[in-house]
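Student: This structure is in structure tokens; I'll ask about it shortly.
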Amino acid sequence: MSEQVLSEKLDRLIAILERWAPPAPRPIDLDAADCFVWNPARLAFDPVAKVNRVDISLIRGVDTVRDILFDNTKRFADGFQANNVLLWGARGMGKSSLVKAVHASVNVDRKNDALPVKLVEIHREDIDSLPALMAAIKDTAHRFILFCDDLSFDHDDTSYKSLKAALEGGVEGRPDNVIFYATSNRRHLLPRDMIENERSTAINPSEAVEEKVSLSDRFGLWLGFHKCSQDDYLSMIDGYAAHFGLELDQQQLHAQALEWATTRGSRSGRVAWQFTQDLAGRLGRKL
């Protein structure tokens, strides 16, 4: 075989290997935004120009967990020790809204010369890429809240092990400038029948269950959200109406809001917001 033929074959082999190789991480422009979405396919942080969130003053009925989350986030922003947080419980009670609102509120309180905390959303299906995400940001000067909304794991899903290792496991551990917030309808992030099945089929049932449940233990703070009372629901309605200038007699406003909740079969922050959108549309107002 001539040297020229051998050289051509080596060039083709190198080109094939380069196509198979993962893409190099893109430089992070942290000044582009305060919120980003992690894109694992490109190992990139996509900036979010307009974040879908409400002012923290509009989140009602969860005062205790709001204050706990704010204090934890403020300590983290100031460089002190803070915990990973799992916000779990009833649907529509403002778990994800609270995370985004607290992030904005903490950054507003920062001194002019202090770097803002960055919020990075990672989708549930991309949990396996957490190590790559943390490797990309661990040596930067900024501090990051990694946020996963509606986190849960189903049968035969082993990606929860990647999350366990990323949160607290491994020799290196979680970087000091990273904290992880997640929301879920499940306190243990796994369906009850999955845990019970592990108990019934394992050689050592208690060890099998511990393996599954220990994921939640990686979160130092568990903040529970429960179905709201009628008074809390109406307080949310009043807050939205005042904030957006929706002028309607309070008695009439409450009557319509309660009728709306009855048709939905539930009361929650989400239902209150959906009613507010409907009311604004009927009044010809933009929110």
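Every read-out reported here was derived from the displayed coordinates using simple, explicitly stated rules and does not represent laboratory data. On a predicted model such as this, the values are computed, not experimentally measured, just so you know. Counting neighbours? That spans all protein chains shown, and the Cβs are built from the backbone with ideal geometry, glycine included.
Student: At what distance in angstrom do the alpha carbon centres of segment 230-287 and segment 84-127 lie from each other?
Tutor: Answer, in whole Å: 25.
Student: Now for a different question. Using θ = phi - 60° and the Karplus curve 6.51 cos²θ - 1.76 cosθ + 1.60, what whole-Hz ³J(HN,Hα) does each residue of segment 84-98 get, with Gly and Pro shown as x?
Tutor: Here the 3J(HN,Hα) series is 5, 10, 10, 9, 10, x, 4, 5, x, 9, x, 5, 5, 4, 5 Hz.
Student: Could you list the trypsin sites (Lys or Arg not before Pro) in segment 75-116 that lie in coil according to DSSP, counting only those with at most 10 other Cβ atoms within 10 Å of their Cβ?
Tutor: Here the trypsin sites (Lys or Arg not before Pro) that fit, given the DSSP loop and packing criteria, are Lys111.
Student: When we measure straight from the Cα of Lys118, which lysines land under 30 angstrom away, once same-chain ones fewer than 8 places off are left out?
Tutor: Correct list for Lys118: Lys50, Lys74, Lys95, Lys100, Lys138, Lys161, Lys164, Lys286.
Student: Can you list residues from other chains, or at least 5 along the same chain, whose modelled amide H is less than 5 Å from the amide H of Arg174?
Tutor: none
Student: Please report, in debye to the nearest 20, how large the charge dipole of segment 230-282 is about its Cα centre when each Lys and Arg carries +1 at its beta carbon and each Asp and Glu carries -1 there.
Tutor: Dipole about the Cα centre, nearest 20: 240 debye.
Student: Compute the FRET efficiency between Phe244 and Arg187 as 1/(1 + (r/R0)^6), taking r as their Cβ-Cβ distance and R0 = 22 Å, and round to the nearest 0.05.
Tutor: 0.05
Student: Shifting gears a bit: Putting +1 on Lys and Arg Cβ atoms and -1 on Asp and Glu Cβ atoms, find which of Gln251, Thr263, Met236 reaches farthest to the positive end of the dipole of segment 230-282.
Tutor: Checked the options; the winner is Thr263.
Student: Follow-up. Please rank Lys164, Lys50, fewest neighbouring Cβ atoms within 10 Å first, as an exposure proxy.
Tutor: Final ranking by Cβ density, sparse to dense: Lys50, Lys164.
Student: Step through the residues of segment 273-287 one at a time and calculate ³J(HN,Hα) from phi using the Karplus curve (6.51 cos²θ - 1.76 cosθ + 1.60, θ = phi - 60°), rounding each to whole Hz and writing x for Gly and Pro.
Tutor: Taking θ as phi minus 60°, the curve returns 5, 5, 5, 4, 5, 5, 5, 4, x, 5, 8, x, 10, 9, 8 Hz for segment 273-287.
Student: Compute the distance in nm between two label points, each set 7 Å from the Cα along the Cα-to-Cβ direction, one at Arg42 and one at Asp128.
Tutor: Distance between label points: 2.1 nm.
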